[in-house]
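In what follows, a single structure is set out as C-alpha cells and then discussed.
Just so you know, all these numbers are worked out from the coordinates, no wet-lab data involved. All figures in this text were calculated on a predicted structure; none of them were measured in a lab. A quick note on method: Cβ atoms are made from the backbone with ideal geometry, for glycine too, and the neighbour counts reach across all protein chains shown.
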Amino acid sequence: METLNALAEGFAVALTLQNIFLALIGCALGSMMGALPGLGPANGVAVLIPLAFSLGLEPTPALILLTSVYYGCMYGGRISSILLNIPGDEPAMMTCLDGYPMAMKGQAGLALSLSGVASFVGAVFATIGLAILAPQLVKIALLFRPAEYFALYVLAFATLGGISSTNQAKSAFASLLGLMLAMIGYDSQTGTPRMTLGLLHLNDGIDFLVVIVGLFAVSEVLIFLENRHGGVDHKPPAIGRVTPPLKMLRFTAPAMGRGTVLGFLAGILPGAGASLGSFIAYSLEKKVSDKDRTFGKGDPRGVAAPEAGNNAAAGGALVPMLALGVPGSGTTAVLLAVLLSMNITPGPLLFTDRPDVVWGLIAALLLANVMLLVMNIPMVSLFARVLLVPPRFLMPVVAMISFVGVYGVTGSSFDLTVMVIFGVLGWVLRKLDIPLVPVVLGVLLGNAMEVNLRRAMEIADGDWTVLFGSALAIGLWAVALVGFVLPIFFGARVKRKMRMEDESSVKD
C-alpha cells in the first residue's frame, strides 16, 4: 500500500506538461539514436547530457529526459539488427539471429512490431520490479557501515565487466585509471591539492560531465573521422505489415515472460547488464522451445525473448543505482554521474530525502514505455529511415552538442580542452579494446571509496581486518571475487558462443 501511495505521488510529479513533453522528446530521440549502428544507449545518453544541463532543467525533468532516451535507445537498437543484420548495440546482437531472417522473408514490419511489444513487456515489468524491489533493498542498505560500503564499491569494479567480458586485466586497468583520475583535486581529509600539475582549474577535480562527454561523444566523432565511413552499404528491406496478429502474440507470450524474468535478474546484478540478459533469454528459449529447429531461421520467439530480456535488464540495472548508488550497467553509470552533478547522492537516503525524484522517475518510466509502444508500431517506418542518413551529417551535430553544451554548463574554455583530451583518451582506449565504463565508474566512485576506506580505518584504529569484520562485508568480498574470476574462465566461452550463433545466422 505504501508503494502504491508513493507511486501515485510519482505520477503527480510526472504528469505535468513539461515532463510529458520531455519524455516524448526523449523517446523519439532515443529511438532514432538507438537505430544507428554502434552508437548504443550509453553514447546516446552521454551525447544529450549537455543538452539537459544547458536547458537548466531541474533534477527530475532532466532524469526523465535522459532515462527516456535510455529506454528509447534500447527500443531502437533492434531496428538495424532486424533490417540490416547489424546490431545497434551489443544487447541487440541476439535479435539479429531471428529478426533478420524474418525480414528476408518479407516480415520485417512484423519483426519490428513484435520486438516493440516484447520490449514494452520487459521494460514495464522491470519498472514495476524497480518500484517493489528498490525500497526493500534500501532497508538492507541501511545496515551498511563504511567497511561494507568500501566492499560494495570493490564489488562494483570487480563485476563491471560482466560474464561476457573476455579480458579482466583491461577492465582492471580501466578501473585503476578511473580511480587515479578521481584523486585529482583537493584531498578530502587534509585539504591539500593532489595531482593538479599546478593548475588552479584542477583543484576541485575533474567535472563528471566533461569526462563522460569526452570519453563517449567526442571519441565517437574521432572514430568516425578515422574510418570516414559513409551511409548504409545496402538498402534495408521493405517494412511491410507492422501490426502483429493476435495469434503471433499468443505464440510468443511465454517467450516474452521467460525473457523478462531472466533479463530483470541479470540487470540487478552490478556489471551484468543487458547483454547478458539478452543472451541468457535467447539461449534458454532456444533450449525450451526449439523443438523443430526453427531458431535462427526466422522464429518470432527468437525475437521476442532477447528483446524482452535486454529491456528488462535495462530497467533492472536502475535498482542498484538508485538504492545503493552503484550502477548496474554502463548507461546507469552515466545516469549516476548526472545525479551526482546535480548534488543528488543515490542510496538509502534518496528515497526519504528526495522521493519526488525517485517516484517521479519511476512513474515517468511507465509513461515513457507506453509512449514508446504507441510510437514504435505505427512510426517504425519513419525510425527505419534514420538508417539512410549518412554519419557524415550526424557526427557534426554530435560534436556541436558536446562543445556548446559543455561550455554552456561550465562556462570554461579549460573544460573544453579537458573534454578534447578525454575524447582522445577514449579513442585510444577504444582502439586498444579497453572498456570506457570502468574509467567512468572510477571517476564517479573514487572519492566515496577513499572516504569510506579512511572512515573504516579510523573507526578500527588502523586495523585493516575491519574490512572483513562482518558477515555482510565477507559476503560482498566473496561475490566480488567470484564476479572477477568467473569471466576469466567462462567469459570467453560465452562471448564466443554469442559470436558463433551470430555468424551461423549470417551464413544461413
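Here the ratio of the Cα radius of gyration of region 93-179 to 2.2 N^0.38 Å is 1.66. The trypsin sites (Lys or Arg not before Pro) of region 92-182 that meet both conditions, a loop assignment by DSSP and at most 16 other Cβ atoms within 10 Å of the site Cβ, are K105.
Evaluated with a Cβ-only charge set (Lys, Arg +1; Asp, Glu -1), region 2-507 carries a dipole of roughly 1780 debye about its Cα centre, given to the nearest 20.
Determine the shape class of region 151-225: with a ≥ b ≥ c the square roots of the Cα gyration tensor eigenvalues, call it rounded for a/c under 1.5, and otherwise prolate if a/b is greater than b/c, oblate otherwise.
Details: a/c = 2.77, a/b = 1.29, b/c = 2.15.
Note, shape of region 151-225 comes out oblate.
With Cα atoms defining each centre, region 414-429 and region 323-397 are spaced 24 Å apart in the structure.
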